[in-house]
Each structure stands twice: as C-alpha cells, then as structure tokens.
Amino acid sequence: MRDRNAYIVIHGHGGTLFDAVALPKRLLDFDCCWMNGVFHVPKPISIPLHRLLSEGEDDNQLFTALRKLAVSRMLTASLFPSPPPSGANFAEFNERSVIDNFPSFAIPFGPASRKAGVARLRKEGEEELMELLGEGANENLESLLSRLASRLEKDDGSRLTEIEAEKSLMDIYGSRELVSQLKELRDMEETGGDLDTVSSAVFYARHLTKAADERGDACNLRFVFVNYHEGLLGLSDLPPGDIYMADMPISTIPDLSGDLRVLADNGLKLVRYEDHHPYSPAHAKMLDALQKEGLVGFQAMSGPLVDPQSPADSEELADDELKCGADMVYEALVIKTAADSPAMRHLRELTHAEDFARNRKTLGKVITELIKGGICKVELAQTLFQCREKEDILRYLNDKGWYEWVQVKRYEAMVISDRFMENAQLLEIERPAVENAEFSGPALDGGSDMPVAAAARSGDQDVLRILVALAPKTKRDEPKLNIGRACEYFADKMPNLDYLFFCYGASVVVGRRLNQADASLNLSTLFKKLGTESDGGHAGASVCSPESNPDYPKNILGRVSSANFAVFCRYISERLSSELGVVVRERRNISIKPQSISASNGGKKLLYLLLGAILAGLLVLFFNRGYREKNILKENLDLFPRQPVVNPERANPR
C-alpha cells in the first residue's frame, strides 16, 4: 500500500533540476500582458525570467536560446495590448530595456515587421535548444522536454533527489558543462527562505519517512514553495495529497480560508500547520473553525497573541518560551523517535539560535549564508536529511564544496562591504521608558549581552540609535550584500548601534535588533505601523513594506533610491514620532560616498573628452579643404575686403 503524496512547504521560491528542465516549456507559454511599453508577468515566473534576462554569461548557448524563447513570448504580448487582471500579483518589465539588452536579436519596432521577427526569434530559440538537448532524436521541443522530465522521475512517479537527477543528466549528456548550466538555471528560481523553514521541512521529511518505513509503506514526498503574501493557490495544480507547513506567518496568507477550500476541491488538505509568529484572536478563531470543518488537521501557534484593538497589551514571549517553527516540529514529531539523531538535535539548536539571532554558531551562520546566497534549498534540505551524527552536517557541507563557497563569498563581500555606507542615516531618539528600563541600555562591551544598569549610564546612553541603510546594488559577478552581512558589518563598524533598518527601496524594510540587551522597541509592533497589519515578526527581527501603508506618500517619494533616500529617512523619522510618540533628537546623514572612485572616473571621462576634442579638431583640419592657408586667406578677404587707398599719407598717420 502506498501512502498519500506528501507536500512539505518551504517559504520563498526555489526550484529543482526537474524544474530547470521544464523551464523552457514554461517560457514558451507563460502569462504576459503588455500596455504602454510595459510587460506585466506573474511573479512566480518573473523571478527566473528576470535573472535569465539580466544574469548569466552572454556567450552561454543554453541561456541565449532560452532568452530568445522568453523575449519572443513577451513581444508576442505587445502585438495584443491588454492590461493585467485587476488585483493580480504581477511584476513589470520595461519594453525598451528588454529590447536594448539584446541588440543581436534584431527586434523590429513596427507591428507588422515585429510579428515576423517574433516568429523568427522563437524558431531560432527552439532550434538551438534542440541542438543542445535533443540527442539527435527526431522529435519536437515539447516532446523532448517531456521525455527529459520523465528521466528525472522514479517508476512510481516521485521525483529523483537532486543528486540522483544530476547523475541521470550526466548519464544522458556526459557533459559536465551542460549539467552545470542546468544547475545554474535551477538556482535562478531561488529567493527568500531561511534556516527555520528548511529545518522544519527536514524534520517533517524525517518523520514521514520513518513512519512510512515502520508501516511498510512507500513515502512519496516533495518539497514545494509558497512565498509570503502570494497565498496557497500555487499548490492547486499538484496531484492529490497532504500538505505540511511550518514557519509561515498566518498574517502573510491573504485568504487562507478561501485557498484551503480550492485546494480541498483538488484533493489537497493542510494536515499540519505550525507557526511561531504573532497572530490575532481573529486568526485563532478562523483556524479553529477550519479545523472543525476538516480543512485543517493539526494546528498549533506558539507566537504572541496580538490584539489589534489593544496592541499595547500584547507582549513578546519570554526568552525561555520562544520557539521557532523547527522547535515546534522537532518537539511534536521527531524528538525521541526513530526520526531523531544527534544531527537532528544539533540542527534544531543551530536553527533556534539563527532564528532568534542569539548565541549564533559558526555552522548556523554558514548554512544561513548558503540560503541567502541562493543555494538550492531543496538540495540543502535533502543533504541535511541524510545527516546522522552531529559531525555529518559540516562534513556534508565540505563534501559539496559549500563551506568553501561561503568563505569565498565572505571574502568577496568584505572587499566591497564599505558600500553599506553609501546611503546611511543615523536616527538618535530618546530611549523610551519601558517596564525594565532599569536594565535597558547598551551592552557592557562588544562581546557582552549584559545591559548597563541605569545608575551606571552616561548621558548619551539614554539615546537609542537606529541606523537606516539602503541596500547597495551589486554587479552580476559580485556577492549580494544582504541583511546578514549588513548586521555583521554595522555591528563591527558601529558597535553603539541598537537597531538596523535595512531598506530594499520602500518595498521591503528588514529590521534587526543589534543590541540584544535593549528592550526599548518591539520591532514587530512598530513595523505593523510602518507597513501593514500583515507585516511584523518578532520583537528583535521583523519585516515590513512601507509603500503598502495607505499613508505612504507615493506621489512624493515614488521609487526609493540614493537620490531621494534622505527624504525617505525623514519620512521614517516622522512615522516614529507620530506612531510611537518618541522624541527624535537628531537625524544625521553619515553616508560615505566612494568619492575617490567617482573623482577618478570623472577625471578619466574629462581626459577622454579632451583628447576626443583635440583629435576631432585635427581630423577636421586635415580633411577639410576650407582650413588650408589659401582658402583661409580667401575667406578672410571675402569677409573683410581690402579698400583701395587714395592718399597713403592719410592711411598711415604718424
């Protein structure tokens, strides 16, 4: 007897080699609308699409073929203008940028000629893909892709692990280069996620596998992805089965009740839901009702219960009560069972420290950097799943070259880390009075979590320091300067900081408590006010979207960049004053622009312009006959003709 399909949710986006092989098929026919020079594409496909069009080597044959398919599909939409569906979750691509990025595609502008150009581009892409992947078989592209996908599945329909899939592709093509390109294509799907969601998925998988072994059943499980605020309907195309989900804030699922009803109609049921983020009495009531209705199986919430009507009465749990999603799943399903092991216990410890940013261990930081650096989360989960002994985790990371990869990325990031200071403003506010104000304040030193008692504070220790920084942009071949690296950088460079607001424009602001001894601000409560009620997280680590707040001045600020970052910081400062009633003593611009680089580049440009002007002048003098001596003399005579002189003595007076 075979158990039902099991789908384990990891939050964020991600992919597998199976998905990479299927991507060309998706690029042939994804939803796309065009209106007024802008393409509108659904967010799930927009992530790999954006990276495909902007990242990767230009001479990569696989990527070039896929780009032709993607661009031809987008340009087809431009032949039939239509706005995106109302309220749909779409990403935007500028038509001019898409065309300008690929001049070799020779994309025509006229509607009639564009139609023929689009057909040509698609045909070229299909032919190039067939040449790369076709093995000489006489078939069309769609049947080829279906046949390749079947080679990455087992006889029972379950998918191969990433290691097994890579071996299968090597057996088919015998080309390490092509398989590496497919893995790079796979990793273009990666965004979001953290160690908590990955570890929770590992614990679910361990439990399900061991339980199936004990029953003598097959365990057909698959890791699937659900991103914050996008709902669960992306799972509705899966074959019937059971869904396991942890570490997914209920406030980030726009219509949980409606989504579960659609899933139920497709034979899918949320059999376990465990979360540790803040929730409201309305959320608790809804979950109880869904459970009674049979749409939800087991459900448990360990986060603080927050009543929007009286948020001041809501408090963060005590340190010894805090549980992350992995804690909950481990304690409920793994501990002291056949699924448990020294490796799983160690993974749980690492995850707890990472999720609450307290007593972090080196290995936990490494795994977090792997996830934030875009490693395949499914392959990572499958690797951690195999670990038995505590030492296996580090050994497996070393065997895959991941530990070394992190060290290289750290060094590369260190070289460019001063870019964190390119757009930074420091807010100094009067430290709010809180219940434990006697012990609230900066730590005794950089390596201590022991707060300074009020009697021992100097005057400036009654000031709370918040750094607001704009996430710097990096080039294609540079490591990402993300929130983890930002915390490490600012904690080292500015040890007196209490909080960091790291801004990805105005769409996402990530908040972190850098001074763990401070209890003045509850970031979860604050970020709900800066963003929306669906934002927040924990007292010391939260996320919000300021531009989603109804009071956000979109007409004034628009897209936040270095040009208007100071205005955005002033807005944040004013919101702190109005929403929390705190006194902002000073807002100071501490940005350090790369002046030497700018001056050097400016000097070079000026020199090039000067040399160009001199060269142009010499060329004109050489080739233009008008600048010959005889012609110059003639033109001067024409302009100032000589007058005959009648009396030479009067013409030359003395």
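Listed values, structure above:
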| read-out | value |
| --- | --- |
| Size-normalised alpha-carbon gyration radius of region 161-244, reference 2.2 N^0.38 Å | 1.35 |
| For region 239-253, Karplus couplings with θ = phi - 60° (6.51, -1.76, 1.60), whole Hz, Gly/Pro x | x, x, x, 9, 10, 10, 9, 9, 6, 10, x, 5, 6, 9, 9 |
| Prolate/oblate/rounded call for region 160-209, Cα gyration tensor, a/c under 1.5 rounded | oblate |
| Long-range amide H partners of Asn5 with built H, under 5 Å | Asp242 |
| Lysines whose Cα lies under 17 Å from that of Lys493, excluding same-chain neighbours fewer than 8 positions away | Lys593 |
| For region 229-234, Karplus couplings with θ = phi - 60° (6.51, -1.76, 1.60), whole Hz, Gly/Pro x | 6, 9, x, 9, 5, x |
| Percent carbon-and-sulfur accessible area, region 474-536, ignoring ligands, DNA and RNA, probe 1.4 Å | 48 |
| Cα-Cα over 20 Å, subset of Lys210/Lys377; Lys183/Lys372; Lys372/Lys400 | Lys210/Lys377 |
| Amide H partners (placed H, <5 Å) of Phe223, local residues excluded | Ile8 |
| Percent RCO, i.e. relative contact order, over region 1-100, from Cα pairs under 8 Å lying at least 6 residues apart | 39 |
| FRET E, pair Ser548, Lys336, Förster distance 51 Å, beta-carbon r, rounded to 0.05 | 0.70 |
| Sequence-distant residues sharing a close amide H with Leu268 (under 5 Å, placed H) | Gly241 |
| Prolate/oblate/rounded call for region 85-165, Cα gyration tensor, a/c under 1.5 rounded | oblate |
| Integer Hz, Karplus 6.51/-1.76/1.60 couplings in order for region 342-347, x for Gly and Pro | x, 5, 5, 5, 5, 4 |
| Rh (Kirkwood; distinct C-alpha pairs) - region 248-397, Å | 17.5 |
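The values are calculated or read from the model by the stated rules, or taken from the named source; none is laboratory data. What you see is a predicted model; the values in this text were computed from it and never measured. When we count neighbours, we look across all protein chains shown, and the Cβ atoms used for this are built from the backbone with ideal geometry, even at glycine. Note: accessible area is taken over every heavy atom of the protein model, side chains too, but ligands, DNA and RNA are not part of it. Shrake-Rupley method; radii C 1.70, N 1.55, O 1.52, S 1.80 Å.
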